[in-house]
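One structure is given below, encoded as structure tokens.
The values are calculated or read from the model by the stated rules, or taken from the named source; none is laboratory data. Computed from a predicted model, the values in this text were never measured in an experiment. Reconstructed Cβ throughout: ideal geometry from the backbone, glycine too, with neighbour counts over all protein chains shown. What goes into the accessible areas is simple: the full protein's heavy atoms, side chains included, and nothing from ligands, DNA or RNA. Shrake-Rupley method; radii C 1.70, N 1.55, O 1.52, S 1.80 Å.
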Amino acid sequence: MEIKIISTEIIKPSSPTPAHLRTHNFFLPENVGFSGYFPMIFFYTVQSKDSMKISSHLKNSLSKTLTYYYPLAGQIKDGVSTDCNDHGAIFIETQVVVGEMSKLIQKRDSNMFKQLIPMKGNMQEIPTTYDNANLVVQVNYFGCDGIAISICLNHIIVDATTAAYFVKSWAEVARGANDIKDVIVDYSYIYPPYDAYASLRSLYEQNRHHDSPTEITGKYFMLDGDKIAALRKKIGSEPYLDHPTRFEAIAVLILGTLIKNADKETHEFTIKQLAAVISINLRNRVNPPLPPQCLGNLVTTAIVKFPIDKEIDCCYLAAEVYKSIKSVIDQYKRNMHVDGVDKGLANSKVINFSDISRMPFYEADFGWGKPTLLSFIPLGIKVACLMPSSDGVGVEAFITLPKKEMAKFERDPEFLYYTKPFVSKRARL
């Protein structure tokens, strides 16, 4: 695949941000989120060949949307807030000179997808090339085959929920909406003390440095609705957990496969346990609950650890995942009180779980239909990201692991029973 940059410009909000809204303070868990951009790609089959018309349509609607999501047009000014200075979002347009979108979608190669995003190399670092913009958009035109819109948001200030509702709102404006309702930017009445979570950053730093980004590979796996139902029934048949959620069932399948196939030795230390770091959306867990349209990175984590030197029953895994999540949620009341942080991840193999499979990403219709495919690229760390499938029933799991681990992981018989890997088509791009 060959891509040529057509233009790069800055899109500012259509209306200036009022002076009293100039500072947007971070919500507590933002200080432990991954630093860097949060990239996602929306693929669309578009019949129009008028790229200039599409370009104008996207730019104008983005400018109007940034008036409501004004922190995304600002810049981080210190460790605790964003200067909502209307600096603007970076908007890049490219032409895919060699390559067809339909074949790229069939191939499902994460390394090929990376060529469609503006960030190259390690995306955990915010490149100064874009002047620390909180939002970078790249629109890739595939000629008569379609377009791919990559949207990269600064993960320090937004999470997947904000990303989903921002793109949904942008699409609504593109389809003619004159107003965006229910966006909440200021919810300072629940702000907790800033320093409470500072110690958690080391968990992410430790995780990021266990494996070099060049050693990590990412692959997509499909779980259809019937297989998910069978998996939940199997786990729920034991006394540990009566009614496992969809996330709990899939997380247990992934964790069980990792434990069975784990390498106990590394060059630096002996691996003793597998630690799952599970992202938890706090919006509906605080008291009073917050609506999903709240802008920010309102996420905390639950950590559950398992020894990898012995066989562990999947139902026990499910119970431990459930208890870990429930324990964290139970601590979050209106004062956002946390009793302590478990930092015992030494000699652990760490994988981060994120469930965005019920978020409205596939509602992002800019006027030419809903996305053909949604792709995320959380590369550089070990991740299991559960994404919505285009049919709205199944789940797509994007998993990143060191290449040696992935080779064993994807061939595990039980994992293969419940999943369908996207077979690489040898089509030339």
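Worth a mention:
- Set side by side, the residues Ser389, Ser357 differ, and just one is at pLDDT below 90, crowded, with 16+ Cβ neighbours inside 10 Å and of a type in the set (Gly, Ala, Ser), which is Ser389.
- Selection status of Thr82, within 22 Å of the chain's Cα centre (by Cα), farther than 27 Å from Met112 by Cα and not in a helix (DSSP H, G or I): yes
- Search result, residues across the range 219-229 that are open to solvent by 20 Å² or more (accessible area, probe 1.4 Å) and closer than 27 Å to Lys107 by Cβ: Lys219, Met222, Asp224, Gly225, Asp226, Lys227
- Taking the conditions (1) assigned to a strand (DSSP E or B); (2) modelled with pLDDT under 90; (3) not hydrophobic (A, V, I, L, M, F, W, C) in turn, Thr94 satisfies each one other than (2).
- Annotation note: of Leu153, Leu135, Leu116, Leu104, the sole residue that is open to solvent by less than 30 Å² (accessible area, probe 1.4 Å), at pLDDT below 90, aliphatic (A, V, I, L, M) and in contact with a helix residue (DSSP H, G or I) (Cβ under 9 Å, 6 or more places away or on another chain) is Leu104.
- From the options Val98, Val80, Val46, residue that is surrounded by 18 or more Cβ atoms within 10 Å (Cβ to Cβ) and either touching a His at 6+ places or on another chain (Cβ under 9 Å) or not charged (D, E, K, R) (or both): Val46
- Selection count where residues are under 19 Å from Leu386 (Cβ atoms), surrounded by 15 or more Cβ atoms within 10 Å (Cβ to Cβ) and either modelled with pLDDT under 90 or not hydrophobic (A, V, I, L, M, F, W, C) (or both), scope the range 230-245: 7
- So Glu363, is it of a type in the set (D, E, K, R) and open to solvent by less than 10 Å² (accessible area, probe 1.4 Å): no
- The residues on offer are Ile271, Ile303, Ile308, Ile312, and the sole one that is under 30 Å from Lys234 (Cα atoms), modelled with pLDDT under 75 and of a type outside the set (D, E, K, R) is Ile271.
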